[in-house]
1. Which is farthest toward the positive dipole end of the chain among Ala20, Ala82, Gly211, measuring Cα position about the Cα centre, with Cβ charges +1 (Lys, Arg) and -1 (Asp, Glu)?
2. Just the number please: accessible area per residue for the chain, 1.4 Å probe, all protein chains included, in Å².
3. What list of ³J(HN,Hα) couplings, whole Hz, do you get for the range 179-190 from phi and the Karplus terms 6.51, -1.76, 1.60, once you set θ to phi - 60° and write x for glycine and proline?
4. Each residue of the range 26-35 in turn: what ³J(HN,Hα) in whole Hz from Karplus with 6.51, -1.76, 1.60 and θ = phi - 60°, glycine and Pro shown as x?
5. Taking amide H positions as placed 1.01 Å from N in the peptide plane, with prolines and chain starts having none, which residues 5 or more places from Glu197, or on another chain, fall under 5 Å of its amide H?
6. So, with +1 on the Cβ of K and R and -1 on the Cβ of D and E, and no other charges, what is the size of the charge dipole of the range 33-140 about its Cα centre, to the nearest 20 debye?
7. If amide hydrogens are placed 1.01 Å from N in the peptide plane, which non-local residues have theirs closer than 5 Å to the one on Ala78?
8. State whether the range 1-103 is rounded, prolate or oblate according to the following rule on the C-alpha gyration tensor (a ≥ b ≥ c being the square roots of its eigenvalues): a/c under 1.5 gives rounded; otherwise a/b larger than b/c gives prolate, and the remaining case gives oblate.
Amino acid sequence: MEQDIYDVVVVGGGPAALTAAMFTARRGLRTVAVAKDLGGQLALTAWIENYPGVDRAGGHDLSTRMRVQAERDGAVLAFDEAVGMERHEGNTWILQLASGTTMQSRVIILSFGLTPNDLGATGEEMLRGKGMYYCQPVDAPRQDGKRVAVIGGGSAAAEAALELSRVAERVYCVHRREALRAEQQLIDRLSACKNVEMMMPYVVDTVRGGGAVESMALKPADPETGDAVGTDLRDVDIDSVFVAIGHRTATTWLDGVVDRNTRGEIIVDRDCRTNVGGVFAAGDVTDITYKQAVISAGEGAKAGLQAFKYLQDEDGKPAIMIDWDARGKS
Ligand SMILES: Cc1cc2nc3c(=O)[nH]c(=O)nc-3n(C[C@H](O)[C@H](O)[C@H](O)COP(=O)(O)OP(=O)(O)OC[C@H]3O[C@@H](n4cnc5c(N)ncnc54)[C@H](O)[C@@H]3O)c2cc1C
């Protein structure tokens, strides 16, 4: 059966993807954004205060506003995961999705950011989503009266622990070094919380539970290396684990398709072009220096405009490159 051909498929649901989708949709291009979730890393931050024009907003709230804006202009958001892509006939691309379906498009914009790191503990895989969480602000309200563990030593972990301490009965902060490396004011606020207990230096060896998390087994860690030492296990009863140990690029599904650097970031030129015609990339997933929400949004806008230019060139038509002119607001 013939498949619908999109003008643009955007991969991702964070600031880069939602902005790219808005810009291509505003050009009248048939656009769909395929995303594992809404907001990406932005949705993980309780508050964002350095996004121009927005004094202070919740990360999830700002992402929702971006989604509404993209949909207002005609983009469609589909929740799925891209797992592969290949060149198809007629200068189009086929994107393979985790659901087993495919999408065909003339342009692909890769803007799928960074993926939260796994803990690497025994039992983690089985309990994912059953008490093992990687997204604190969204899941925090469900922790009312529970015993929770927050794993990680950076500001994201400290923020998560603070947020959780408001609702949870007890919060265990587990870190493999002797001290947190979060911002000092966050550490000070955590120290003042009566229901927060620091467990350092420890690593999580095992997360246990049948249908849901019930306990974790900690192993002492070498504070220099952060590696587990010895065989002693310390068992702690808990209801949930929040993992906040950083993010990584997860781009191996693009092997043999687009060029990446040694960190796995997609290599782009200043106009968000990859080494492959019809494939653009934007935001944290690329080899740009600064990884910030406003920068990802700006890169997404550039990728969207560049995608439009590419399609106009393909069709032998002129491309107006400024967005406001397309709306007659000169
Ligand atoms: C805790 C925390 C606090 C932060 N605070 C700030 C701040 O205050 N100010 C600031 O400017 N920046 C902040 N940042 C950084 C900012 O959030 C990121 O730079 C920005 O979100 C990157 O946007 P992005 O769209 O490039 O990627 P991401 O936000 O990483 O979004 C990636 C999207 O792609 C999706 N995805 C991933 N793989 C696939 C796939 N294979 N198929 C489909 N979808 C996929 C993800 O689910 C997600 O929706 C913070 C980050 C964190 C983690």
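1. The residue sitting farthest along the positive end of the dipole is Ala20.
2. On a per-residue basis, the chain sits at 47 Å².
3. Listing the rounded values in order: 9, 5, 10, 6, 4, 4, 5, 6, 4, 4, 5, 5 Hz.
4. Running phi through 6.51 cos²θ - 1.76 cosθ + 1.60 with θ = phi - 60° gives 4, 8, x, 7, 6, 10, 10, 10, 9, 9 Hz.
5. Val171, Tyr172, Cys173
6. So the magnitude is around 180 debye.
7. Ala33, Val34, Ala35
8. Taking the square roots of the gyration eigenvalues as a ≥ b ≥ c, the range 1-103 is prolate.
The values are calculated or read from the model by the stated rules, or taken from the named source; none is laboratory data. None of these values were measured; they are calculated from a predicted model. Cβ sites come from the backbone with ideal geometry, for glycine too, and all protein chains shown count toward neighbours. Ligands, DNA and RNA are excluded from the accessible area calculation, which covers all protein heavy atoms including side chains. Shrake-Rupley method; radii C 1.70, N 1.55, O 1.52, S 1.80 Å.
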